[in-house]
Structure formats: C-alpha cells, structure tokens
Amino acid sequence: MTIRPASDRSLHVSFGDRIDAASYAAVARLTHGLLGAREVLNLHPAYASVLIDFDPRRYTHERIEALVHACLAGPPPAGQEPRHVEIAVKFGGESGPDLEDVARHTGLSPEGVIERFTAAVYEVYFVGFSTCFPYLGGLPAELATPRLSAPRKHVPEGSVAIGGPQAGVYPLASPGGWRLIGHTPLRLFDPQSVPPPLLRMGDRVRFVAEASR
Amino acid sequence: MSEIRVLSPGLQTTVQDLGRFGWAHFGISASGAADAFALRAGNLLVGNAENAAAVEMTLMGAAFEFEANTVIALTGSDFAAGLPLWTPVEMKAGQTLRCGPSRSGARCYLCVRGGIGVPKSMGSASTHVITGVGGRPLRAGDLLPIGTDAIRRPRRAPQDILPVGDGPLRVTDGPQAESFTGEFYRSAYIVSEESNRMGLRLRGPALASAAGHMLTEGAPLGAVQVPPDGQPIILFVEHQTTGGYPKPANVISADFRRLGQLRPRDPVTFERVTIEQALRLLQQQEHWLYGL
C-alpha cells in the first residue's frame, strides 16, 4: 500500500497497479469503512486505489492517513448486500456498431461473442467517470478487445461496451472510446432522482439478450 | 416570498452554491461555484450563510428585475453592471440590474440577501450543467425565489479587495509527478476555447510522459491531467471523478478562484509549491474572508 497526497485537499491510497481480487477487496473495505466519516468530503474508489477528498482548513493529510490505517486495521465493515441486476440488451446492428469488430478481433462469430458475454456474471468494481458509469469486472478473457484508437465524439446513452478487459454501460450520452456491442433501454442515471443509482459498487450484473440481432 | 425575474440569460448563467458532496463514489462530482471565494464573499457581505445559493454568470452577464426591495452584492469579475463590486447595495422594487460583457475575468456572482431559494438536489442547489443534476442554465422569464439564508445584518464593503493574482498558477505534485520532466514548469500555455466547468483545456507545448498505461484512478478537483496528445487539462468543478491519464500536478486550493476567472486565450504557466506553502496561502485567503 502506498499513501501520498494527490493535492493539498486529497489523499491517494494505492493498493498496487493491477486489477486483482486482493487489491479490490482492500478498495471495497476502505470505501465502505470511510463512507459517512466526518473527515471525508468525497471518496473515489477505483480498481486498486481510493482517493479521499477532505477540507484542508479542518483536517491534515496525516489525520486522514491515520483514519485509513485505523479503518484497514479494524473489523471489516458490513458492506451492502450485493444486488443482482439483469440488464436487457439488444446486440449488434445500430445498437452495437462494434459487435462485428469485436467478433473479428476475438476470432468468434457475433453469436459466439453474445453467447459468452451473456453467460458471464459481472461485478460492479466501482462507479465513476462521468456520472454513474459502472466499471464491470468479470468479462470473459477471450472477449477483451482494445479501445478505439480515436474515441467517438458521441456514444449514445445506454450503450453496452467493452474496453480492453473491462465491460461497462454508458449512463449518459458522452464521448467514449470503448467498443459498443449493444444497447439497453434501462436508465442507469436519472438527474431528477436521488442516488443511489441503479448500480452500486459490489452489485452483480447479468446481461440478457433482448432479441436476436 | 419575493422573486427575481430573469430578463435575459447571458451566456451561461446558473444557480450555484458551494457544491454537492458525498456522491463522488457514484461518479457525481461536487460542482458548485467556479469561483467559490467570490460566492462566499458575496454571501458574507449581504449577511447570508456562506453556502447560500447565488447566481453565477459567465463571460457575458444577464439582466434581472427585482420584485421587492432586495440587498445584493456583485462579486468576482467586473461585468459592467454600473454598481460597485464587493459592496452590499439595495435594489428597489421594480428596479432592473443589467450586466454586460466581462471587463476582467470569466465570472461574476450576483448574491442576494436570503440566497436563491431553489429546491436542492442531493443536498445542494448547485447546477451540474453537464449532467443536469440540480437543474439547467437560466433562461429569460425564469423566476428565482429569494430564500431564507440571511443570518445577520449586511456587512460594510471591505477597504481592500484581495486581488485574484496573475502570476503562475501554483501547484503541488500530482500522483504521477515523477513521470514528467521539468518541461512542465518551463512551458507557457493558453486557455482553449473548448474549456468549460468540467475542465480547462490548455494549448501549448506537448508534454511527454513516461507513465505509460495506467489503471483508472480517482481524480481530484484541480488535477492537471495529460492525455496522449500531451495537451494538459485542468479538471474543474464538474470534473470526472475517475480517469486514466497521468497527473503531473494539482492546482492548490488557494488558486481555485483563479481557475474560475480564467478566460479563453488567457496565458497559463505553473509554479511548484509545497503542501505547507499551499496551506499557508489558503489560510491567508480565509483570513481575508472572515475579516468581512
């Protein structure tokens, strides 16, 4: 574990530079342990790190660091029960313009990609980027496909995508470089409603093919 | 409850307070005033709690009509409104306030006694323009209710205004500082037209990074991130909460107000300071504010 200031008002706690179960368990433990702590303004969990924002007029980096150590040494906090969410997806065609490319890259047929993609159970590693974007672990290794070399300017809301070894769903229309293989009508983010959003850290996700291409 | 009518909306005029905290783990950044110093000062001057909601104007000001007598203060940059800045002023019922194009920096705040009483979303009245959380930019005809955030008498105008400053932006080391050379501190940039509340995009010498591929990690307010094209982006109040680009530096809290006042084509250079220096500079700013 390395701890260092990321700014004069935030502390970066890193558990390594790989996506693996041990680092992720530490991330989940620290995040659940610090949610609601009075010293913490915001938490940014990621694959193997947690960024902690605080008010520098009231607290120091040393104080926050002590809080991190105490949290990791204490009993594991009761995390939220993972929920199981099914996401209906229309694959390929206009809904998933990159499905054919993913098939070509992986040496599978488009049907083979869909079959493997929908057979897996994904875990929401964390939620971030721009508004409720779920970073999903659990993509079958044979489906990993590099990102586009030049990101699209406009990825439609609800796009289901593969980016390297990760899967995700775009909660809002935004620029993006992941490979779009399908689309869901499910709204992951509604600006009028109060969080928590549909998908939270630790939730389990399955994709269900809505209709054939 | 009396209201303020928006007669013309200016370029991008929004309701802001000090932001929405506790939602970054859902990917929602704090938002809030781009120049929080100016918003806090304006609130203190009209006798409000410092987190009261106010109106943020960008580059080109808006026009308003006041339904009842209302104490206001304009803070931040000079938007040619014909009123003294950083000074509580009473607007009379039926009176109109017309702000024009900026004569100095990017943003001017209209703070009103009582605050802007719009409903809060996730605990904050601030508009997150890019996602629509907390509402949308103001339009002609919108009515802004005056709230109940007045907690004491309006203050006298301060004798000296703490200048926003125009030297290099002060930064502390970012998490990937060692992947960059000193070139970062020798390079001169200009603010690009594509900048917004999400990020200030800079144009200038492309920076090389030895960071290579890195895992997506949390990104704080004021982080300088360098994408593959080498052109730095300063993450601003509506920033993404996580990102995968290396970060050589982070703008200090005391200079956030300067970020809020940077305009397209303004020059930017960086100066490295320690965390201790950064905190001392922040303390000086706080000291001035609480002298109001």
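Readers should treat all values here as calculations from the given coordinates under stated rules, not as data from a laboratory. Bear in mind the structure is a predicted one, so any value in this text is a computation, not a measurement. Every residue, glycine as well, gets a Cβ built from its backbone with ideal geometry; the counts of neighbours run over all protein chains shown.
Details
- For residue B:14, net neighbour charge (Lys/Arg +1, Asp/Glu -1) across residues whose Cβ lies under 9 Å away: +1
- Reachable lysines from residue A:90, criterion Cα separation under 26 angstrom, eight or more residues apart if same chain: A:153
- Applying both filters, DSSP loop and at most 11 other Cβ atoms within 10 Å, to the trypsin sites (Lys or Arg not before Pro) of the stretch B:141-219 gives B:152, B:156.
- Nearest-0.05 FRET efficiency for residue A:2 and residue A:73, computed from C-beta distance (R0 22 Å): 0.80
- For the stretch B:27-32, 3J(HN,Hα) per residue [Karplus equation, 6.51 cos²θ - 1.76 cosθ + 1.60, θ = phi - 60°, Hz, x = Gly/Pro]: x, 10, 7, 5, 6, x
- Remark: mean inter-chain Cβ contacts per residue of A:130-137 equal 5, using a 10 Å Cβ-Cβ cutoff to other protein chain atoms.
- Around residue B:146: net Lys/Arg minus Asp/Glu count, Cβ-Cβ under 10 Å: -2
- Residue mean of other protein chain beta carbons inside 10 Å, B:275-282: 3
- Local net charge near residue B:201, Cβ-Cβ under 11 Å (Lys/Arg +1, Asp/Glu -1): -2
- Applying 0.36 nm per residue to the separation of residue B:265 and residue B:78 and subtracting their alpha-carbon distance, the gain on full extension is 65.5 nm.
- A Förster radius of 30 Å, combined with the Cβ-Cβ distance separating residue A:86 from residue A:25, puts the computed FRET efficiency at roughly 0.75.
- Between 0 and 90°, nearest 10: helix B:275-290 axis offset from chain B longest Cα axis: 10
- Placing a label point 7 Å from the Cα of residue B:159 along the Cα-to-Cβ direction, the residues of the stretch B:251-292 with a backbone N closer than 18 Å are B:287-292.
- Gain on full extension, evaluated as 0.36 nm per residue between residue B:120 and residue B:193 minus their Cα-Cα distance, stands at 23.2 nm.
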